[in-house]
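Okay, so here's the structure we're looking at.
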Amino acid sequence: MARLLACALLVLLSVAGQARSEGLEVIVVDPFLEMRTGPGRGFPIVHVVERGERVRVLKRRTDWFHVQDAGGREGWVHKSQMLETLVPAGTRMEIDDPAREDFTAHRREVGLLIGDFGGANVITAYGAYAFNAHLSGELAVSQILGNFSDGEAAALGVTHVPVPEWRIQPFLSMGTGMIRIRPKGTLVQTPARTDQFAYVGGGLRAYLARRFIIRAEYKEYVVFTDRDENEEANEWKIGFAFFF
Amino acid sequence: MENRIRVLLLSAALVMAGCSSLPWRDEDPEAAPEPASAEDGETPVVIEPQVERREIRPARIDTENWEAGLSVGSLSVEDFEVNIVYGARIAYHINEDFFAEGVFGQSDAGLSSFERLSGGAPLLTDSERRFTYYSLGFGWNALPGEIFLGGRRALNSTVYLTLGAGSTRFAGGDRFTLTAGAGLRVLVKDWLAVHLDMRDHVHEIDVLGSNKTSHNYEATLSLTAFF
């Protein structure tokens with residue numbers, strides 16, 4: 001294990017070290033750019049670049065750009081001051097940040113939810129693909145962790161968003177999948193059961209910022225057991241997702 | 001006879017030349033500006049500029065919002081000694097204040113005091129003694145700042161708080177686990193960071209008969225790269 005980790009670390013460091021770019025040269029249009037020692041508002045301003053001067057953008061981390069001026073001095077500049085800079089062709093520097101409109105138009109979504117499934121804790125990872133603004137298909141895998149049983153579930157479903165223009169979107173969902181439950185028995189070893197289930201549910205999705213979504217949902221499950229009676233369970237979950 | 005053919009050929013050539021020149025003039029009246037326009041005082045177009053505008057595609061700026069790395073440290077498994085733990089972590093920096101993070105770790109727990117003192121049969125098998133956890137959650141860069149090394153060198157650093165949820169596999173079962181912690185991240189290079197993390201993994205366990213809440217404290221040192 002330790003040797004494997006050491007090898008992985010070496011590979012990681014070599015890859016990260018190589019990934020340096022030449023940078024993009026831009027002309028300052030704001031009265032001045034403030035260069036800070038680090039990518040954050042708390043770091044001190046150590047240098048100022050005036051309007052008309054050229055700087056080279058080396059990389060970006062969150063909303064901060066690492067730039068180098070003509071004299072070779074380096075520092076971090078906030079996005080708000082970079083929005084007005086020009087590339088040598090005379091056009092504005094393109095900053096392709098996802099916004100609220102992309103939330104309505106996005107195709108793919110990946111997220112993570114935690115909550116309660118019939119009294120047990122549940123952790124779910126899901127991926128969704130939108131066929132159009134209203135309808136999307138979803139694939140979710142869950143780990144169920146309870147006091148009396150553990151299990152896993154995989155589900156395939158469809159989600160319908162009636163009003164995709166809203167910032168907070170209600171949605172309806174239904175689908176089917178398989179669930180595997182392993183009862184925790186310290187005295188009697190009960191075999192694991194694998195059953196099919198179906199669900200209907202609904203929830204809310206809200207646009208947070210950039211490409212992030214907060215999502216909360218409730219689902220009613222029917223598990224088709226091979227016994228006389230089907231089992232029913234309900235589930236609520238909350239979590240975050242990002243779209244791309 | 002010969003003369004008549006020659007006249008016929010010549011006249012045909014003349015007609016063809018005339019026809020071919022006519023539409024060319026009609027098609028492109030601006031190419032040969034009329035002298036009349038020059039008399040009106042306008043400057044005659046001498047050369048039509050034929051420069052195509054160059055399509056410049058600026059180089060994409062390298063974004064470094066992801067951070068991944070490996071960690072090593074010590075994990076105190078409640079009732080089962082303190083042991084070495086190996087792990088991995090990945091984080092996505094949402095903005096300068098918050099990041100989403102996933103951590104994974106593995107350790108082999110030791111003997112409980114009961115097992116050591118009683119000298120009886122061990123409570124757990126070797127495979128049940130393996131402690132594996134994962135946790136997914138958020139971090140908040142609470143105290144960004146700098147670490148000063150001597151008078152001329154400063155390294156950017158952040159003290160952050162984390163909160164996550166996940167699962168722990170130990171003593172023959174998976175358990176829902178909440179993880180809370182605090183850490184210090186020091187940027188040795190712009191793309192390379194060293195972390196010192198303290199985390200508490202909290203879960204319910206019933207391995208010693210009754211159900212109880214178990215706190216498993218972990219201290220790790222990790223090396224991560226931004227990409």
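All of the numbers you see were taken from the coordinates with simple rules; none came from a lab. Since the model is a prediction, treat every value here as computed from it, not as a measurement. Glycine gets a Cβ as well: all are built from the backbone with ideal geometry, and neighbour counts include every protein chain shown.
Overview of values
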item: For peptides A:100-109, B:129-138, sequence by mean Cβ density within 10 Å, most packed first; result: B:129-138, A:100-109
item: Cβ neighbours within 10 Å from other chains - mean over B:180-186; result: 0
item: Ratio of the Cα radius of gyration of region B:69-227 to 2.2 N^0.38 Å, where N counts its residues; result: 1.17
item: Highest-first arrangement of A:79-89, A:151-161, A:136-146, where packing means the average Cβ count within 10 Å; result: A:136-146, A:151-161, A:79-89
item: Mean-position separation - Cα centroids, region B:73-116 and region A:72-89, in angstrom; result: 41
item: Peptide B:199-208, shielding by other chains (average Cβ, 10 Å cutoff); result: 1
item: Kirkwood Rh, Cα atoms: Rg over Rh of region B:154-205; result: 1.17
item: Range of Cα positions in region A:46-87 per principal axis (Å), largest first; result: 25, 19, 18
item: Global geometry of region A:85-132, whether rounded, prolate or oblate, following the gyration tensor of its Cα atoms and the 1.5 cut on a/c; result: prolate
item: Cα extents of region B:101-156 along the three principal axes, largest first (Å); result: 60, 29, 16
item: Fraction of alpha-carbon pairs over 23 Å apart in region A:82-220 - percent; result: 46
item: For B:170-177, mean number of other protein chain Cβ atoms within 10 Å; result: 5
item: Cα→Cβ-extended label distance, 7 Å offset, between residue A:224 and residue A:240, nm; result: 3.8
item: Shape metrics for region A:15-166, restricted to C-alpha atoms - Rg then Dmax, Å; result: 23.0, 69
item: Under 16 Å from residue A:184, Cα to Cα: aspartates and glutamates that are on another chain or at least 8 residues apart; result: A:150, A:152, B:128, B:174, B:204, B:206
